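Participant: My questions all concern the structure below.
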Amino acid sequence: MAEQVDFHFDVMCPWAYQSAIWIRDVREQIGLDLRWRFFSLEEINRVEGKKHPWERPWSYGWSLLRVAALLRRSSMDDVDRFYDVAGRWLHVEGRKPHSPEGARGVLEEVGLDPDLVDAALADPTTNDEVKADHDRVVAVGGFGVPTLFFGSAVVFGPVVVPAPTGAAALRLWDLVRGWEELPGLFELRRPKTMDDWRTINDTFQPYLTARDWQTVQTPVA
């Protein structure tokens, strides 16, 4: 039986997009049972007094996840393809999937009915499904994406640019899996040099051009 990995993502996150490229490569090589789950950066970074994303007619990342939630009811593969195309639009091509029109365009490119956007927004239980996935991460102390659940482990990350593929992807998977053996290991971080930041900035430039918001990150302990 293929090993199950739950990958929590927000379409808006450029780091999660890179990790999604990596985990798909690993899946192709060793046959992971990859389950796409949701998390909202809009909600975790919400300023007190502002509306929750589910209280708005349209919220950039949250509403895209509602479309994905509707797709997931019948096909995890459709979620995979929807996230793949929406992520490519934003993080590679500098396009805007995060409007109703953009989401419809993503569905059309995937080969699905663009009216599913309206169906997802008309169904309040899609809010419930996104929130349940989001709350699952928060309940274990999570604060961002990607967050992976596998075996007995919950891991934030990997935070990697660019996404490794091939043998390097499998090596990174082995290292990530190693965290399960060390429940007292909470964090490892590599300092980022100016060259590192230039590489990250170059990789994220399409996202930085296409986004319609300023990135906010709530500090965590």
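To keep it simple, each residue is scored yes or no on (1) at pLDDT 90 or above; (2) small (Gly, Ala, Ser); (3) in contact with a His (Cβ under 8 Å, 6 or more places away or on another chain).
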| residue | (1), (2), (3) |
| --- | --- |
| 168 | yes, yes, no |
| 185 | yes, no, no |
| 199 | yes, no, no |
| 221 | no, yes, no |
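Participant: Continuing with the same structure: Kindly provide the set of residues from segment 168-211 that are of a type in the set (A, V, I, L, M, F, W, C) and under 30 Å from residue 93 (Cβ atoms), ordered by number.
Facilitator: Correct list: 168, 169, 170, 172, 173, 176, 194, 197, 200, 204, 208, 210.
One line per residue, one yes/no per condition, for (1) open to solvent by less than 50 Å² (accessible area, probe 1.4 Å); (2) within 17 Å of residue 36 (Cβ to Cβ); (3) touching a residue at least 12 places away in the same chain (Cβ under 8 Å); (4) in a loop (DSSP other than H, G, I, E, B):
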{"position": "133", "(1), (2), (3), (4)": "yes, yes, yes, no"}
{"position": "142", "(1), (2), (3), (4)": "yes, yes, yes, yes"}
{"position": "160", "(1), (2), (3), (4)": "yes, no, yes, yes"}
{"position": "167", "(1), (2), (3), (4)": "no, no, no, no"}
{"position": "171", "(1), (2), (3), (4)": "no, no, no, no"}
{"position": "177", "(1), (2), (3), (4)": "no, no, yes, no"}
{"position": "192", "(1), (2), (3), (4)": "no, no, no, yes"}
{"position": "195", "(1), (2), (3), (4)": "no, no, no, no"}
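Participant: Which of the residues belonging to segment 2-43 are hydrophobic (A, V, I, L, M, F, W, C) and touching a strand residue (DSSP E or B) at 6+ places or on another chain (Cβ under 8 Å)?
Facilitator: Correct list: 2, 5, 7, 9, 16, 20, 23, 32, 34, 36, 38, 39.
Participant: Are there any helices (runs of 4 or more DSSP H) wholly within segment 3-112 with 2 or more residues that are over 23 Å from residue 168 (Cβ atoms), open to solvent by 10 Å² or more (accessible area, probe 1.4 Å) and not aliphatic (A, V, I, L, M), and if so which?
Facilitator: Working: elements: 14-30, 41-44, 60-72, 76-91, 100-110.
By residue number, 41-44, 60-72, 76-91, 100-110.
Participant: From (1) more than 30 Å from residue 55 (Cα to Cα); (2) of a type outside the set (D, E, K, R); (3) touching an Asp or Glu at 6+ places or on another chain (Cβ under 9 Å), pick out the condition that doesn't hold for residue 183.
Facilitator: (3)
Participant: List every residue pair whose Cβ atoms lie under 7 Å apart, where the two residues are 6 or more positions apart in sequence or sit on different chains, the first residue falls within segment 72-87 and is farther than 18 Å from residue 105 by Cα, and the second residue, located anywhere, is assigned to a helix (DSSP H, G or I).
Facilitator: Matching pairs, first to second residue: 72/79.
Participant: Search segment 18-29 for residues that are under 11 Å from residue 148 (Cβ atoms) and hydroxyl-bearing (Ser, Thr, Tyr) and pair each with any residue that is at pLDDT below 95 and assigned to a helix (DSSP H, G or I) when their beta-carbon atoms are under 9 Å apart and the residues are at least 6 apart or on different chains.
Facilitator: Taking only residues 6 or more apart or on different chains, not a single pair turns up.
The values are calculated or read from the model by the stated rules, or taken from the named source; none is laboratory data. Just so it is clear, the structure is predicted and the values come from calculations on it, not from any experiment. Neighbour counts run over all protein chains shown; Cβ positions are idealised from the backbone, glycine included. For the accessible areas, the whole protein counts, side chains as well, though only heavy atoms, and no ligand, DNA or RNA atoms are used. Shrake-Rupley method; radii C 1.70, N 1.55, O 1.52, S 1.80 Å.
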